[in-house]
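Contents: one structure, followed by commentary.
The values are calculated or read from the model by the stated rules, or taken from the named source; none is laboratory data. All values reported here derive from a predicted model rather than from experimental measurement. Neighbour counts are summed over all protein chains in view; Cβ atoms, including those assigned to glycine, are modelled from backbone coordinates with ideal geometry. Ligands, DNA and RNA are stripped out before the accessible areas are found, and what is left, the full protein with its side chains, is counted by its heavy atoms. Shrake-Rupley method; radii C 1.70, N 1.55, O 1.52, S 1.80 Å.
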Amino acid sequence: AVVSTQSTGSAPNANATFLFILTAVVVLHAGANLCNTYFDFKDGVDTKEHNSDPTLVEKILSEEQILNAAWLCFAFSMMFFGSGVVFMGRAHLVPYILFFKGMIVGFNYSGGFRFKHHCLGELVVYSIFGPTIALFSYSCLSKGLFSWLVFIAASPLGLLAAAVLLANNIRDAGNDLKSGVHTVANRLGLKKSLEIYSGLLLLPYLQITGLVLLYERHYALLLTWTVAPFSLYCAVRPHLQGVTTAIADMFPLTLSHYHLVGAVYLGLLTYCMH
């Protein structure tokens, strides 16, 4: 999205289009989260003894209210996307494909096909929070174009987001297995999961370096390496402090890592695209 606004910001109605599609993405994400809350409760993933979302477990809202709110979010998301299409000037196939891909995957992540139940959660999160959202924004603002630059630039963010989910799944591996949820963490075991976790934290730096090599004017992106020591610490911490100790707070630490590295990278990317 950063690349999109910087590279197409001078296009007619670009600001209005971006505002509508950004709102559509945020509301769609909210709908997907509500679906996850609903289906995790129905499938026994969230219980009184163990839950990541107490909304239904503690009866803060009813199942019907959560499900209705999810459908409402999906409806409003389509409305905002439709408004963005109007400002695009004419309809384009690529934005439609990416938008409805996001909606279908958002619902089927925990409902329908249940991607998260079939070891596909990390792949879905990488795809959506990395290339898909950025390419959707770019295609809307550039009248249906596809850009490998946008794909490559967004990929590190997708890997960082996938690392957050994997950290959560490593922590919840036993409970997920009891609930019938098959994740990378409980299928591959702790050792291999930690190896993948380390790769997800460190691979973005290689991708960013590759981006600089492909587009030589973006040397400032190499400053992202200034936060690499924190990534390395997160990657080797389970081996230094012991697995049990590390797993206990792996999720919040990885989430902080995502926010820090993501903010630094996006800031530098914005500067380079200016």
Can you give the charge dipole size of the chain about its Cα centre, rounded to the nearest 20 debye, using +1 on the beta carbon of Lys and Arg and -1 on the beta carbon of Asp and Glu? 500 debye
Express in Å², to the nearest 10, the accessible area of H257 obtained by rolling a 1.4 Å probe over the protein heavy atoms while all chains stay in place. 0 Å²
Radius 15 Å from Cβ of S198, net charge of other residues (Lys, Arg +1; Asp, Glu -1): +1
For the chain, average projected area of the Cα convex hull in nm²: 14.4 nm²
Quick calc: nm separation of the 7 Å Cα→Cβ label points for N33 and K178 -> 2.7 nm
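What stretch of the chain, leaving out the sites themselves, is the longest with no trypsin sites (Lys or Arg not before Pro) in a DSSP loop having at most 11 other Cβ atoms within 10 Å?
The segment 91-216 is the longest one with no such site.
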Considering the options L194, L223, A163, tell which one lies farthest towards the positive end of the dipole of region 161-258, charges being +1 on Lys and Arg and -1 on Asp and Glu at the Cβ, about the Cα centre. L194
Probe of 1.4 angstrom, ligands and nucleic acids ignored: what's the accessible area per residue over the chain, in square angstrom? 48 Å²
What percentage of the solvent-accessible surface of region 155-274, computed with a 1.4 Å probe over protein heavy atoms, is contributed by carbon and sulfur atoms? 68 percent
For the chain, what is the number of Lys pairs with C-alpha distance below 16 angstrom, counting only pairs 8 or more positions apart or on separate chains? 6
Would you mind computing, in nm to one decimal, how far apart the modelled labels at K101 and K48 are, each placed 7 Å from Cα along Cα→Cβ? 4.4 nm
Compute the FRET efficiency between T270 and E58 as 1/(1 + (r/R0)^6), taking r as their Cβ-Cβ distance and R0 = 35 Å, and round to the nearest 0.05. 0.30
